[in-house]
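Reviewing the structure listed below.
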Amino acid sequence: MAKYKCKYCKEKDDEISLVTEIIEGKRQKDHKDGKWKKGDKYERKVRYHQSCHDKQKRENREWDDCYNTILDAHGAEVIPPSFVGLLQRLRNGNPITGMRKGDTKHFKQGFPYPVIAECYRQKKDLILWKKRQWDGSDGKFFHFVLSFYILDIINGVNYKMENEKLVKQKEEQQSQLAKDYYDEDEEWTFNNEKNKNDISDLLG
Ligand SMILES: [Zn+2]
């Protein structure tokens with residue numbers, strides 16, 4: 001059976017364990033031998049494990065929110081493309097400065113997008129204040145903010161949000177346990193009612 005790579009986790013798997021998504025795109029350039037022209041539409045198949053596909057969709061929503069939060073914190077209309085690449089490195093756990101060797105060893109080991117977004121929310125006032133005094137380029141300001149304001153608090157914010165997630169999971173587990181217990185109790189009462197009837201039948 002043909003094996004394909006899951007686009008999310010990069011593991012190869014049998015075709016049957018993967019779901020397929022068709023992506024439509026437009027050619028950016030003319031093909032050198034004339035097979036297509038710039039602007040032609042094309043379709044491309046990408047494959048995912050179902051659970052990876054769900055994760056990918058959630059992450060896309062989280063990325064959109066993160067992007068908009070950063071725009072808002074900067075009072076900007078667009079994020080420079082090179083900076084978008086940097087945010088993705090931060091997400092994946094690759095160093096955002098210095099050597100870029102060994103990048104592939106990391107897989108989503110960095111900071112989730114909601115954590116990055118939360119840091120920008122917390123620093124919004126400071127960022128807007130600093131922006132008014134900034135006389136360098138916009139691109140440099142994005143880097144400045146990330147290096148000096150965001151990286152400064154990101155470990156703490158990540159730790160706090162991870163903890164809150166664990167507490168919430170535990171609460172949900174406990175309320176599920178309580179619910180299961182209650183359901184059993186219901187059943188018991190019901191059976192007990194039935195037994196009572198049975199006894200009264202006997203007495204009758
Ligand atoms: Zn996968």
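The values are calculated or read from the model by the stated rules, or taken from the named source; none is laboratory data. In this text the structure is predicted, and so the values were computed from the model without any measurement. Every residue, glycine as well, gets a Cβ built from its backbone with ideal geometry; the counts of neighbours run over all protein chains shown.
Selection of region 117-146 for residues being surrounded by 13 or more Cβ atoms within 10 Å (Cβ to Cβ) and over 16 Å from ALA76 (Cβ atoms) yields GLU118, CYS119, GLN122. In the condition set (1) assigned to a strand (DSSP E or B); (2) of a type in the set (A, V, I, L, M); (3) loosely packed, with under 10 Cβ neighbours inside 10 Å, ILE16 is compliant with all but (1).
Out of LYS170, LYS131, one residue alone is at pLDDT 90 or above, in a helix (DSSP H, G or I) and under 30 Å from CYS52 (Cα atoms). It is LYS170. Among the residues of region 16-59, those that are of a type in the set (S, T, N, Q) and within 14 Å of the ligand (Cβ to nearest atom) comprise SER17, THR20, GLN50, SER51, GLN56. Restricting the first member to region 49-62 and to residues that are not assigned by TED's automatic domain parsing to the domain that holds CYS6 and in a helix (DSSP H, G or I), and the second to residues that are more than 9 Å from the ligand (Cβ to nearest atom) and not β-branched (Val, Ile, Thr), the beta-carbon pairs closer than 6 Å and six or more apart or on different chains are GLU62/TYR113; GLU62/PRO114.
I want to confirm something. Restricting to region 4-13 and keeping residues that are touching an Asp or Glu at 6+ places or on another chain (Cβ under 9 Å) and in a strand (DSSP E or B), which single residue is farthest from the ligand (Cβ to nearest atom)?
By that ranking, first place goes to TYR4.
Conditions tested, residue by residue: (1) modelled with pLDDT under 90; (2) closer than 15 Å to LEU87 by Cα.
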{"site": "PRO112", "(1), (2)": "no, yes"}
{"site": "GLU118", "(1), (2)": "no, yes"}
{"site": "LEU126", "(1), (2)": "no, no"}
{"site": "VAL145", "(1), (2)": "no, yes"}
{"site": "MET161", "(1), (2)": "no, no"}
{"site": "LEU203", "(1), (2)": "yes, no"}
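Would you be able to say whether some residue in region 15-24 is over 26 Å from TRP134 (Cα atoms), more than 23 Å from the chain's Cα centre (by Cα) and not assigned by TED's automatic domain parsing to the domain that holds LYS130? Taking every residue of region 15-24 in turn, at least one turns out to be over 26 Å from TRP134 (Cα atoms), more than 23 Å from the chain's Cα centre (by Cα) and not assigned by TED's automatic domain parsing to the domain that holds LYS130. Every test in (1) surrounded by fewer than 14 Cβ atoms within 10 Å (Cβ to Cβ); (2) within 16 Å of the ligand (Cβ to nearest atom) is passed by MET1 save one, and that test is (2).
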